[in-house]
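Only one structure is covered here, and it is reproduced in the block below.
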């Protein structure tokens, strides 16, 4: 049996996500869900940082372009939020790039736009 990476932390994050979806449902813009989720994280004592600017490099030199993941929880889990009908491979690739850029191992792709329930995908590098 293999251990689940950051099991307890993810359990808390997912509980907050489910609460936001239960309260708000689907149909709002991503920014609305982000604000609600941040409030829920604060209420639950889940540490997070929002929209941290990540520096990218090409062949060892910094680029002007930056990445900004929606949230990083516990300093080690990237949360990328979407409010779309279905997640696509482009969304998954975006989160994979965030993981590569930060050298973090786990990301959660959260889609509040899906009906009848929120979608959460774990992406591990």
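Table: residues versus (1) in contact (Cβ under 8 Å) with a residue 60 or more places away in the chain; (2) closer than 21 Å to residue 125 by Cα; (3) out of contact with any strand residue (DSSP E or B) (no Cβ under 9 Å at 6 or more places or on another chain); (4) outside any strand (DSSP E or B).
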{"site": "11", "(1), (2), (3), (4)": "no, yes, yes, yes"}
{"site": "17", "(1), (2), (3), (4)": "yes, no, no, yes"}
{"site": "32", "(1), (2), (3), (4)": "no, no, yes, yes"}
{"site": "39", "(1), (2), (3), (4)": "no, no, yes, yes"}
Practice problem: Restricting attention to region 39-60, report how many residues are more than 20 Å from residue 111 (Cα to Cα) and at pLDDT 90 or above. | Solution: 6
Practice problem: Kindly establish whether residue 26 is in a loop (DSSP other than H, G, I, E, B) and either touching a helix residue (DSSP H, G or I) at 6+ places or on another chain (Cβ under 7 Å) or more than 16 Å from residue 79 (Cβ to Cβ) (or both). | Solution: yes
Practice problem: For residue 5, state whether it is touching a strand residue (DSSP E or B) at 6+ places or on another chain (Cβ under 9 Å) and touching a residue at least 60 places away in the same chain (Cβ under 8 Å). | Solution: yes
Quiz item: Which residues, taken from region 78-125, are loosely packed, with under 14 Cβ neighbours inside 10 Å, touching a residue at least 40 places away in the same chain (Cβ under 8 Å) and either under 21 Å from residue 36 (Cβ atoms) or within 11 Å of the chain's Cα centre (by Cα) (or both)?
Solution: 115, 117
Quiz item: For residue 52, are the conditions met, namely being closer than 23 Å to residue 9 by Cβ, over 12 Å from the mean Cα position of the chain (by Cα) and either without any contact (Cβ under 8 Å) to a residue 40 or more places away in the chain or in a strand (DSSP E or B) (or both)?
Solution: yes
Quiz item: Which of the residues belonging to region 62-77 are in contact with a strand residue (DSSP E or B) (Cβ under 6 Å, 6 or more places away or on another chain) and surrounded by 14 or more Cβ atoms within 10 Å (Cβ to Cβ)?
Solution: 67, 69, 70, 71, 72, 73, 77
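The values are calculated or read from the model by the stated rules, or taken from the named source; none is laboratory data. On a predicted model such as this, the values are computed, not experimentally measured, just so you know. Using ideal geometry, Cβ is built from the backbone for each residue, glycine included, and neighbour counts are taken over all protein chains shown.
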